[in-house]
Amino acid sequence: MEISVAGLGKMGTALVRRLLAQGQAVTVWDRRADRAETLATAGAKPAARLADLWRASRVVMTFLSDDEAVKQVYLGPGGLVETAPAGVLLIEMSTISPGASGLVASAAQGRALHYLRCPVSGNPGVLASGNLAFIVSGDRGALEEARPLLEQVGSRIYYVGEGELARVMKLAVNAMLAANAQMLAEVITLCEASGADRGAVLEVVGGSAIGSPFVKYKTDALVGRKYDATFTTAMLVKDLRLAQGVATALSVPLPVTDLVAKLAIASCEEGLGDLDFLALLPHLQAMARRPTDVPVCIPAREA
């Protein structure tokens, strides 16, 4: 099967490299042509236009930054929907709003295209190892068509139903992830203020009833005070705002999510937006007037 990939950020690049490692022929496109040229050295075939992706493949997978990027790539002039032949498969893997995804779904249906909402759980390293998790909604038949391909890059596929349910589920999971990160920041700050060693704190938390893969996965970075981002604080803010938008439309209050969103926004205002979303910890350390893991620039109005 020949596959095309549009969107070559960290996740899209990792996807292409994984597919190439699995022996797939891959055609690639990005708004930044240099990204496609870089992957050409690994064996991918760059496409000059989105329409060229369909010349090589009947399946296009996309990892894009936000709603506007998805609408431009799918719905803009010369975009994926307009140029697609009937019956092809679109696998959209970004974390975006149900509203933007619904626009793509409607346009795809109008042209007899198969469209899977397929946001993922995992980072580039997880993808590279073939352990990505997929949250999928849409036509189950399209999922079965895509399953052999998805299984080459992910170990878990969760089908949650029709329509935009996968988008809502992904945003809900990210909201819970944010709350966990904030609580972890609070536990560490409180215990360190009492004189506890951070490694011991994380060992206890990780082995307790509230221990989780997230705590274990982040332990080494937290002990090492490392904030290299696989998912930035700014990206977290984007996703929390999308979750709030869904909740508002459904009249569902999200008091914890609202609070964590304010804390994440404040972290970005302090210059922590490009760091891993664990930057909620140095933000809290600054609030507590304690030494911070990384420099925090307190806005003048809060100083």
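Read the figures in this text as sums done on the coordinates, not as results from a lab. Quantities reported herein were computed from a predicted structural model and do not represent experimental measurements. Counting neighbours? That spans all protein chains shown, and the Cβs are built from the backbone with ideal geometry, glycine included.
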Set the Förster distance to 25 Å, then compute FRET efficiency between Gln109 and Arg55 from the Cβ-Cβ distance, nearest 0.05.
-> 0.60
For Leu190, placing the label point 7 angstrom along Cα-to-beta-carbon and taking the range 246-262, residues whose amide nitrogen sits under 20 Å are 255-262
Separation between the Arg241 and Asp258 pseudo-spin-labels, each 7 Å from Cα along Cα→Cβ, expressed in nm?
-> 1.8
For a label point 7 angstrom out from the Cα of Ile157 toward its Cβ, which stretches of the range 57-91 have the backbone nitrogen within less than 16 Å?
-> 59-62, 89-91
Ascending count of other beta-carbon atoms within 10 Å, so fewest first, for Ile265, Ile210 = Ile210, Ile265
In terms of Cα to Cα distance under 12 Å, which aspartates and glutamates are near enough to Lys216, apart from those fewer than 8 places away along the same chain?
-> Glu203
If you line up the long axis of helix 165-193 against the longest principal axis of the chain, both from Cα atoms, how many degrees apart are they, to the nearest 10?
-> 20
Return the distance in nm (one decimal) between the two label points of a simple spin-label model at Met287 and Arg32, each offset 7 Å from Cα along Cα→Cβ.
-> 3.3
Arrange Ile188, Ile135 by Cβ neighbour counts within 10 Å, fewest through most, would you?
-> Ile188, Ile135
Lys/Arg +1, Asp/Glu -1 at C-beta; the range 151-303 dipole; positive extreme among Ala221, Asn174, Ile265 | Ile265
Using the structure shown, select from Lys10/Lys71; Lys10/Lys218; Lys170/Lys238; Lys170/Lys226; Lys45/Lys238 the pairs with a Cα to Cα distance greater than 22 angstrom.
-> Lys170/Lys226; Lys45/Lys238
For Glu2 and Arg147 in the same chain, what is the full-extension length gain: residue separation times 0.36 nm, less their Cα-Cα distance, in nm?
-> 50.7 nm
Given charges at beta-carbon only (K, R positive; D, E negative), |dipole| of the chain in Debye = 320
Taking the Cα centre of the range 168-302 as origin, sum charge times position over the Cβ atoms of Lys and Arg (+1) and Asp and Glu (-1), and report the length of that vector in debye to the nearest 20.
-> 180
By Cβ neighbour count within 10 Å, fewest first, Tyr74, Tyr217, Tyr115, Tyr227 rank Tyr217, Tyr227, Tyr115, Tyr74
Efficiency by 1/(1 + (r/R0)^6): what FRET value for Thr83 and Ala40, r their Cβ-Cβ distance, R0 = 25 Å, to the nearest 0.05?
-> 0.70
On Cα atoms only, tilt of 255-267 relative to the major axis of the chain in degrees | 80
